[in-house]
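Taking it in order: structure first as structure tokens, then the write-up.
We did not get these values from a lab; they are worked out from the coordinates using the rules stated. Given the structure is predicted, the values throughout are model-derived calculations rather than measurements. Quick reminder, even Gly has a Cβ in these numbers, built from the backbone with ideal geometry, and neighbours come from all protein chains shown.
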Amino acid sequence: MGPVRSEPQPDWPGGDYEPNQQAETRERRRLNDDLIGLDRDDPEVRAFSEHLDRAHRLRSGFTVEGYLSGVSDFAESVNRTEGPRRLAAVLVVLLILLGVAVTLWQAATFVLTALLG
């Protein structure tokens, strides 16, 4: 059975776009509308455009890909920060890693005591 296609929509030329192509086209239109009259070569305008892209990005938070992309966004934002915010973010990461290490240690000792009696 082939793919199910809807009737061509008047908003979309051709009407045969896949859903991700429709989203990309909508996103490009939105960014073009938001950046009207701004110099696209200006670093501040580029940073603003990237900020808008991150703010309007839609992801499912209940999938592995959603969680990993959230971690990726956190890592990118930490790399952009400076001073006390960066220190706080690094402290949060270290506390998370400490929690993972403690959990792994407890799991390993439980397994070893269960196997060795």
Tally the residues that are surrounded by 11 or more Cβ atoms within 10 Å (Cβ to Cβ), closer than 27 Å to residue 25 by Cβ and among the aromatic types (Phe, Trp, Tyr), restricting the search to the stretch 39-95.
1
Residue that is farthest from residue 47 (Cα to Cα), among those in the stretch 57-95 that are more than 8 Å from the chain's Cα centre (by Cα) and charged (D, E, K, R)
65
Being of a type outside the set (D, E, K, R) and under 23 Å from residue 56 (Cα atoms) is true for just one of 81, 103. Which residue is that?
81
